[in-house]
Amino acid sequence: MKKKDLDWSNLSFDYQPTDYSYECRYIDGVWGKGGLTTDHSITLSECAGIFHYCQEVFEGLKAYTTKNGDIVCFRPDMNAERMYDSARRLVMPPFDKEKFVKAVEDVVRANAAWVPPFGSGASLYIRPFMIGSGEVIGVAPAPEYLFRILVTPVGPYFKGGLKPIKLCVSEFDRAAPHGTGNTKCGLNYAMSLKACMKAHANGYAENLYLDPATRTYVEETGGANVLFVAKDGTLVVPKSYNDSILPSITRRSLVQVAKDLGIKVDERPVTFDEVKNGDFVECGLCGTAAVISPVGEIHDDDLVISFPEGHDEMGPVMTKLRETLTGIQSGELEDVHGWVHKIDVE
Ligand SMILES: *Cc1c(COP(=O)(O)O)cnc(C)c1O
């Protein structure tokens with residue numbers, strides 16, 4: 001297999017079509033066989049459910065090349081499961097989990113020439129998504145659905161290294177109490193764009209959202225979960241008492257990695273007062289794209305909360321966690337939990 005002629009080390013985080021996408025249709029109450037397609041556009045009725053009532057769920061994962069040259073992805077079964085749960089929340093027919101993993105394998109294998117080589121820092125981003133494609137004019141679940149996976153090569157999330165970022169506490173909420181905060185769906189993002197653009201315009205990397213019901217607990221940012229390190233070195237992981245935090249696969253993996261490393265982990269609701277009091281010495285955001293991004297400061301109006309051990313560069317605990325997880329992902333450290341999923345490419 002001959003790799004595409006791309007400048008792998010200088011890819012940005014932008015879409016470019018590859019050779020194949022995957023598509024499967026749900027018609028007359030059943031999911032079809034599904035398969036690869038070279039058509040990267042979708043033609044739909046103007047009355048398709050997605051356009052009116054926003055039935056859409058998605059996932060994000062990546063395929064990359066390990067040190068010994070294998071093409072792999074990371075815990076795709078977890079994405080399958082989360083998309084299954086997201087679909088059920090939006091009354092969409094869930095996609096079979098094993099079929100999901102097989103579809104990911106098929107589309108990556110077919111686009112193997114687009115998977116960046118080891119050491120480039122780049123990866124093949126995999127975006128599975130499902131939309132209500134059938135026509136619906138009264139408010140109701142659509143009668144037909146489309147499941148697709150697009151893949152696109154992307155560069156490292158952080159170009160200039162891992163400089164700690166600044167967050168601001170948003171005046172907006174990301175999710176409603178008992179709403180769709182724990183669901184990976186486009187509608188959560190549509191409603192967060194205004195807050196996101198405002199944060200960027202004010203010089204912040206992201207918004208930190210507090211719990212929508214009481215605004216006393218820390219939830220997460222627009223697209224990543226939050227982690228803290230307490231003074232005694234404990235990893236403190238905010239938990240939502242009303243289940244409105246998105247269950248990040250990276251966060252759940254890091255919690256396991258921390259336990260494996262003998263780091264104490266405390267998963268519990270975290271009040272914003274604790275953060276303001278200076279109880280935490282490091283802060284980070286976690287998600288597939290960056291694994292961990294260090295947070296140096298959180299601003300709440302005029303108040304500046306600074307994380308002393310992670311202010312100028314990533315702190316020691318976040319660094320250890322990040323290095324361990326990326327080491328497992330790249331095949332440089334032993335994968336004791338069987339997280340790295342090899343895709344056989346002939
Ligand atoms: C996707 C996402 C995350 C990160 O999840 P990972 O599975 O770790 O990539 C966190 N928060 C939100 C709101 C997300 O949409």
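A few remarks follow.
- Rg of the Cα atoms in the range 119-262, relative to 2.2 N^0.38 Å, amounts to 1.23.
- Max-minus-min Cα coordinates of the range 179-327 on each principal axis give 39, 32, 26 Å, with the largest extent listed first.
- Volume per residue for the range 219-268 equals 68 cubic angstrom (convex hull of Cα atoms).
- For q = 0.12 Å⁻¹, Debye-computed log10 I/I(0) when each Cα of the range 73-130 counts as one equal scatterer: -0.34
- The charge dipole of the chain, taken about the Cα centre with unit charges on the Cβ atoms of Lys, Arg (+1) and Asp, Glu (-1), comes to about 420 debye, rounded to the nearest 20.
- √(5λ) per eigenvalue of the Cα gyration tensor, the range 1-48, largest first, Å: 31, 15, 8
- Residues of type lysines that Lys99 reaches as a straight line, Cα spacing below 26 Å, ignoring anything fewer than 8 places off in the same chain: Lys33, Lys62, Lys184, Lys342
- For a straight C-alpha distance cut-off of 18 angstrom, the lysines reachable from Lys259 (same-chain residues fewer than eight places away being disregarded) are Lys231, Lys239, Lys320.
- Kirkwood hydrodynamic radius of the range 21-122, Cα pairs, Å: 15.4 Å
- Likely footprinting exposure, Cys168, Cys47, fewest C-beta neighbours within 10 Å first: Cys47, Cys168
- Spherically averaged projected area in nm², based on the convex hull that wraps the Cα atoms of the chain: 17.6 nm²
- Across the range 149-155, rounded Karplus estimates of 3J(HN,Hα) from the backbone phi angles (6.51 cos²θ - 1.76 cosθ + 1.60, θ = phi - 60°) give 10, 10, 10, 8, x, 9, x Hz, Gly and Pro being marked x.
- With the biggest extent put first, the Cα atoms of the range 163-210 measure 32, 20, 16 Å across the principal axes.
- Added length on full extension, which subtracts the Cα-Cα distance from 0.36 nm per residue, Leu333 to Glu346: 2.1 nm
Values quoted throughout were computed directly from the atomic coordinates according to the rules given, and no laboratory measurement underlies them. As the structure is a prediction and not an experimental result, all values here were calculated from the model. When we count neighbours, we look across all protein chains shown, and the Cβ atoms used for this are built from the backbone with ideal geometry, even at glycine.
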